[in-house]
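The values are calculated or read from the model by the stated rules, or taken from the named source; none is laboratory data. Note that the structure is a prediction, hence the values are computed from the model and not measured. Virtual Cβ from ideal backbone geometry, glycine too; neighbours counted across all protein chains shown. For accessibility, only protein heavy atoms count, side chains too; no ligands or nucleic acids. Shrake-Rupley method; radii C 1.70, N 1.55, O 1.52, S 1.80 Å.
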Amino acid sequence: MKRKIFKIVIWGLGKIYNTHINILKCLELRKEIEIVALTATDIPNFYSVDGYPLIKPCDLSEIQYDYVIIMNDKYLEEIATATLKNGALRKQILTYRMLDIPFLDFREYIKLKESRISIISNNCWGGMIYHTLGMECCSPFKNLFVEDRDYIKLLQNFKYYLQCELKFKHYMIDIHSKERYPVMVLDDILIHCNHESIPEQAVQNWNRRRVKINYENLFIEMYTESKESIHQFLELNQYPKKVCFTPFSNVREDVIQLSLYPGQEEFYQVVNSSAGIGNNSLNYRIIDLLNGKIIYRNKVYR
C-alpha cells in the first residue's frame, strides 16, 4: 500500500522559516511531505522562493493541500484566523514547533494529532507536551497538580470523578512562587490549581477542557518519588497507554527513570523538562510514547 505524501503550504518567510528549511527539505526527501506553496502576510515581490511557488493568502482556496504550517510565534493566532478566513479548516492548521522534535516522523505526528489524544497528568507534563507538539489540549489536567494518593484514587474511578463538579475548598501558598492559589475539590479528590489565582477561573478552565476529553484515547502520565505509588500505578491495567516517571531504576517498560541535570534541584523539574526538547528529552521519543510505543534514546547505567 502506497504511503500518503501530505501536501503542505508554509505560511511565514522570516527567521523561523529559514531555520527550518533544512528540516522541511529532509521531510520532502523522505517523501513524507510535499510543499506545494509558500505564503505570508506580507508577500515579497517574488514569484517563487527556494523553488516553491509563492502565493497570496487569498489564493489558498485555489490550491489543494492537506495542512498549513504556520512559521510564526508572535502572530500565531492572527495568522490562524486569516488561514481560516481563506478556506482552511481548523484541523488543517499546524504550528512549526513539531518540526523541532527529534526523530520526527510526520506521518506518526499526524496520526497522533488526528487521534485527539487526552493526556491525563498529575502535574504540568501534559500541558507542556501539548505545547511542544503544537496540538489542541483535550484534557482538563493542565496547569495543576494532584498528590499521589488522590491521583491513584481518581484513576481507579476516572469517569465518576470527571462527572463531579469542581468546587473551591481553600487557598494555599505555592512554595516556589510564594503566590496564593486555589485548591479545588472533585468529591473527595483535591486538585491544586497552582497556576490560577481565582477559583472561578479555575472552574471555567476545567469545564472548558473537560468537555474535550476523548475517553477512547487516554494517555495516563504520573510522576512520583514513592515506590508504593509506582506499584499502585502499575496495577491500573485498564489503561493500555501509560507511563510513570521516577528517579528509581525499574525493569518495567512503562516506568521511565529520569535523573537530575546540573541546575535542577527537584524531581518535578526533570519531568517537566522531559516534555520539551532540552537535556531531559534525551530519555524517550515523545511522539512514539504517546502513540503507545516507548523508544528510549539513551542507555542508563544500572
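Let me confirm something: among 216, 221, 200, which residue is within 17 Å of the chain's Cα centre (by Cα), at pLDDT 95 or above and of a type in the set (D, E, K, R)?
Details: 216 fails: within 17 Å of the chain's Cα centre (by Cα); 200 fails: within 17 Å of the chain's Cα centre (by Cα).
Sole residue among the options that is within 17 Å of the chain's Cα centre (by Cα), at pLDDT 95 or above and of a type in the set (D, E, K, R): 221.
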The range 232-274 - residue that is charged (D, E, K, R) and more than 18 Å from the chain's Cα centre (by Cα) and, of those, nearest to residue 153 (Cα to Cα): 235
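For every residue, the table says whether it meets (1) out of contact with any helix residue (DSSP H, G or I) (no Cβ under 7 Å at 6 or more places or on another chain); (2) at pLDDT 95 or above; (3) closer than 27 Å to residue 176 by Cβ; (4) of a type in the set (S, T, N, Q).
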{"residue": "47", "(1), (2), (3), (4)": "yes, no, no, no"}
{"residue": "74", "(1), (2), (3), (4)": "yes, no, no, no"}
{"residue": "79", "(1), (2), (3), (4)": "yes, yes, no, no"}
{"residue": "94", "(1), (2), (3), (4)": "yes, yes, no, no"}
{"residue": "99", "(1), (2), (3), (4)": "no, yes, no, no"}
{"residue": "124", "(1), (2), (3), (4)": "no, no, yes, no"}
Would you pick out the residues in the range 25-52 that are surrounded by 16 or more Cβ atoms within 10 Å (Cβ to Cβ) and of a type in the set (A, V, I, L, M)? 27, 33, 35, 36, 37, 38, 40
Within the range 135-163, how many residues turn out to be out of contact with any Phe, Trp or Tyr (no Cβ under 7 Å at 6 or more places or on another chain) and open to solvent by less than 20 Å² (accessible area, probe 1.4 Å)? 10
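State all residues of the range 248-268 that are among the polar types (S, T, N, Q) and open to solvent by 60 Å² or more (accessible area, probe 1.4 Å); if no residue qualifies, say none. Steps first, answer last, please.
Step one: of the range 248-268, the residues among the polar types (S, T, N, Q) are 249-250, 257, 259, 264.
Those that are among the polar types (S, T, N, Q) and open to solvent by 60 Å² or more (accessible area, probe 1.4 Å): 249, 259.
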Look at residue 291 and say whether it is under 19 Å from the mean Cα position of the chain (by Cα) and modelled with pLDDT under 85. no
Here is a check on your reading of the model: is residue 55 under 29 Å from residue 3 (Cβ atoms), over 15 Å from the mean Cα position of the chain (by Cα) and open to solvent by 40 Å² or more (accessible area, probe 1.4 Å)? no
Quick one: residue 243 ticks every box in (1) open to solvent by less than 10 Å² (accessible area, probe 1.4 Å); (2) touching a residue at least 60 places away in the same chain (Cβ under 8 Å) except a single one, so which number is it? (2)
Are there any pairs, at least 6 apart or on different chains, whose C-beta atoms fall under 7 Å, with the first in the range 196-214 and more than 19 Å from residue 138 (Cβ to Cβ) and touching a residue at least 24 places away in the same chain (Cβ under 8 Å) and the second hydroxyl-bearing (Ser, Thr, Tyr) and open to solvent by less than 60 Å² (accessible area, probe 1.4 Å), and if so, which? 196/181
